[in-house]
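Since every read-out is calculated from the coordinates, none of them should be taken as a lab result. Since we're looking at a predicted model, the values are computed, not measured. Note: ideal-geometry Cβ built from the backbone for every residue, glycine included; neighbour counts use all protein chains shown.
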Amino acid sequence: MLKIIYGKSGSGKSLNLYNDIKENLSKEKIFLIVPEQSNLNAEKNLFEHLKTKSLFNVEVLTLSRMALRVLNEVGGYNYDSLTKSRKSHDNL
């Protein structure tokens, strides 16, 4: 199931999300997808709200990390990044 929570600042999105995670923690694997800059903060807040020292069934991922994970699991993905030096070498 995919659940998207959106709303203006201070409307209780995070509290709603953490309560949802708490209710479903033992039922299924949960992936929390957060913006690139919010990964560590989201994990910290999740630990504090759930009052636990480990999260076995919850994984906090950024969108780019989730995309890489999906591509690696379906196979056939070869991550070949081009550095500036390689780009200039290939143009010779």
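Can you flag which of LYS22/LYS53; LYS8/LYS53; LYS8/LYS51; LYS8/LYS29 are past 23 Å Cα-Cα?
Beyond 23 Å: LYS8/LYS53; LYS8/LYS51; LYS8/LYS29.
SER54 to LYS8: FRET efficiency via 1/(1 + (r/R0)^6), r the Cβ-Cβ distance, R0 30 Å, to the nearest 0.05? Result of the calculation: an efficiency of 0.35.
Here the range 1-28 is scanned for amide nitrogen atoms under 19 Å from the site 7 Å beyond the Cα of GLN37 along Cα-to-Cβ, giving 7-10, 14.
If the chain linking ASN45 and GLU23 were pulled fully straight, counting 0.36 nm for each residue of separation and taking away their Cα-Cα distance, it would gain 6.3 nm. For the range 46-51, the Karplus equation 6.51 cos²θ - 1.76 cosθ + 1.60, evaluated at θ = phi - 60°, returns couplings of 5, 4, 5, 5, 7, 6 Hz by residue, with Gly and Pro reported as x.
Close amide H contacts of LEU32 (hydrogens built in the peptide plane, cut-off under 5 Å, sequence separation of 5 or more or a different chain): GLU59, VAL60, LEU61.
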